[in-house]
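Student: Quick one: structure below, then a few questions.
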Amino acid sequence: MPLQMNRKVFITCAVTGSGSTQDKSPHVPRSPKQIADSAIDAAKAGAAVVHCHVRDPETGVPSRRLDLYREVTDLIRAADVDVVLNLTAGMGGDIVFGPIEAPFPVNETGTDMIGGSERVAHIAECLPEICTLDCGTMNFAEADYVMTNTPGMLRAMGAMMTDLGVKPEIEAFDTGHLWFAKQLVSEGTLDSPALVQLCMGVPWGAPNDLNTLMAMVNAIPPDWNWSAFSLGRDQMPYAAVAVLAGGNVRVGLEDNLFLKKGVLATNAQLVEKAASVIEGMGARVMGPDEVRSQLGLTKKAPK
């Protein structure tokens, strides 16, 4: 793929995520209303897409509760600003093994393994335009935690998403994840052109360097749409790099808590800063209707 700057860029705001950030910043939203309000503010700041997880309203820890997704979805759809809704389908594939010399039984406190239908139950209920599909298994930061997405599970979940008319956003944390995503498209499990999110610098996936990023970019079929992000202080540099390499941009508190050193950010502030980077490069920030047209999305109401 030749290096060609993207002149029409959409911004995704990853609003809260499932990481242990709930006590690190007062701006990380917990309740459905806080998550929806933060997503709406991000949309008003220029995000065409909002990517949402839900959390326990009291503790802030990640949750899979259907009623929480329902409330977030309804609040965002009732807002006075339009935005493309992207819900995670990444939870339910977590294994935390026991000690090194006795990995079984697994650690029940951290392990969360459920079936494919349950993993997409909130997608079927809420019918967002986009939902994520973490396209592989990897050692994920902590010593004994494995993010688990087998080929069989991914084929099943991908088929469910396609049947629901919800576009999967393929989250590729490493080169093999992108390889398997192309296999899913070639089999007809996922429709083409696909949508990819390149997730850079997440231990222990694709390292946070330009050589690896460009290797992944060059492996993306030319008619697919893609975005990229990195973590922490590298969030904004990767916004610029993604645009320069022909892609779109993701920012948000899921990946970075700071506006600059020592200054905690809101989602809206991160979107505003990303928009200024994009426009400063001579590109234009796209709105949600343009994104729907480009990605072939249909805005749906709940059942």
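Student: How about K300: which aspartates and glutamates have a C-alpha closer than 19 Å to its C-alpha, ignoring those fewer than 8 places off in the same chain?
Tutor: D67, E71, D74, D80, D82, E125, E129, D163, E169, D191, D289, E290
Student: Then there is this: Ignoring everything except DSSP H segments at least 4 long, calculate the 222 nm mean residue ellipticity for the chain; use -39,500 (n - 2.57) per segment, divide by total residues, nearest 500.
Tutor: Values: 10 runs with 104 residues, N = 303.
For the chain, the value works out to -10000 deg cm²/dmol.
Student: Would you mind checking which residues have amide H under 5 Å from T111's amide H? H placed 1.01 Å from N; only 5 or more apart, or other chain.
Tutor: Distant-sequence amide H within range of T111: V96.
Student: What is the distance, in nm, between label points placed 7 Å from the Cα along the Cα-to-Cβ direction at D112 and at D67?
Tutor: Reported label-point gap for D112 and D67 is 1.8 nm.
Student: Extending each Cα 7 Å along its Cβ direction at T162 and T298, get the distance between those two points in nm, one decimal.
Tutor: 1.7 nm
Student: Identify the chymotrypsin sites (Phe, Trp or Tyr not before Pro) of the range 196-280 meeting these criteria: DSSP loop state and at most 11 other C-beta atoms within 10 Å of the C-beta. Mind dumping the intermediate values first?
Tutor: On the way: sites: W204, W224, W226, F229, Y238, F258; in loops: W204, W224.
Passing sites in the range 196-280 are W204.
Student: Remind me, relative contact order of the range 163-303 in percent, using alpha carbon pairs under 8 angstrom and six or more residues apart?
Tutor: Taking the mean separation of contacting Cα pairs over the length of the range 163-303, I get 17 percent.
Student: Using a probe radius of 1.4 Å on heavy atoms only, what accessible surface per residue do you get for the chain? Whole Å² is fine. Don't jump to the answer; show the numbers that get you there.
Tutor: Details: 12790 Å² over 303 residues.
So the chain comes to 42 Å² accessible per residue, rounded to a whole number.
Student: Apply the Debye scattering formula to the chain, with a single equal point scatterer on each alpha-carbon and no solvent, then give log10 I(q)/I(0) at q = 0.06, 0.10, 0.14, 0.15 Å⁻¹.
Tutor: Relative scattering, expressed as log10 I(q)/I(0), comes to -0.17, -0.49, -1.04, -1.22.
Student: Moving to a separate point now. Leaving out same-chain residues fewer than 8 places away, which lysines sit with a Cα under 16 Å from that of K182?
Tutor: In chain and number order, the partners are K167.
Student: Can I ask one more? Which percent, nearest 5, of DSSP beta bridges in the chain are antiparallel?
Tutor: Working: 11 of 41 bridges.
In the chain, approximately 25 percent of DSSP beta bridges are antiparallel ones.
Student: A follow-up question, please. Can you send over the carbon and sulfur percentage of the accessible area for the range 223-303, probe radius 1.4 Å, protein chains only? Don't skip to the answer; put the middle values down first.
Tutor: Numbers: 1910 of 3520 Å².
Carbon and sulfur atoms account for 54 percent of the accessible area of the range 223-303.
Student: Relative contact order for the range 236-293: what is it in percent, counting Cα pairs under 8 Å that are at least 6 residues apart? Could you put the intermediate results ahead of the total?
Tutor: On the way: 44 pairs, mean separation 17.6, N = 58.
Dividing the mean separation by the residue count of the range 236-293 yields 30 percent.
Student: Here is a further query. Which of rounded, prolate or oblate describes the range 22-73 when judged by the alpha-carbon gyration tensor and an a/c cut-off of 1.5?
Tutor: Values: a/c = 2.33, a/b = 1.32, b/c = 1.76.
Since a/c reaches 1.5 but b/c is at least a/b, the shape of the range 22-73 is classed as oblate.
Student: Only Cα pairs under 8 Å and at least 6 apart count here; give the relative contact order of the chain as a rounded whole percent. Working shown, then result.
Tutor: Values: 647 pairs, mean separation 73.0, N = 303.
Relative contact order, the chain: 24 percent.
Student: Right, another one. Where in the range 246-281 are there trypsin sites (Lys or Arg not before Pro) that are in a DSSP coil and have at most 12 other Cβ atoms within 10 angstrom of their Cβ? Walk me through the intermediate numbers first.
Tutor: Working: sites: R250, K260, K261, K273; in loops: K261.
Qualifying residues, ordered by number: K261.
Student: Quick one: with all protein chains in place, what share of the accessible area of the range 1-140 is carbon or sulfur, to the nearest percent (1.4 Å probe)?
Tutor: Details: 3170 of 5890 Å².
Exposed carbon and sulfur together represent 54 percent of the surface.
The values are calculated or read from the model by the stated rules, or taken from the named source; none is laboratory data. Being a predicted model, the structure only gives us computed values, none of them experimental. No Cβ is skipped: glycine too gets one built from the backbone with ideal geometry, and neighbour counts run over all protein chains shown. Accessible surface areas use protein heavy atoms only, side chains included; no ligands, DNA or RNA. Shrake-Rupley method; radii C 1.70, N 1.55, O 1.52, S 1.80 Å.
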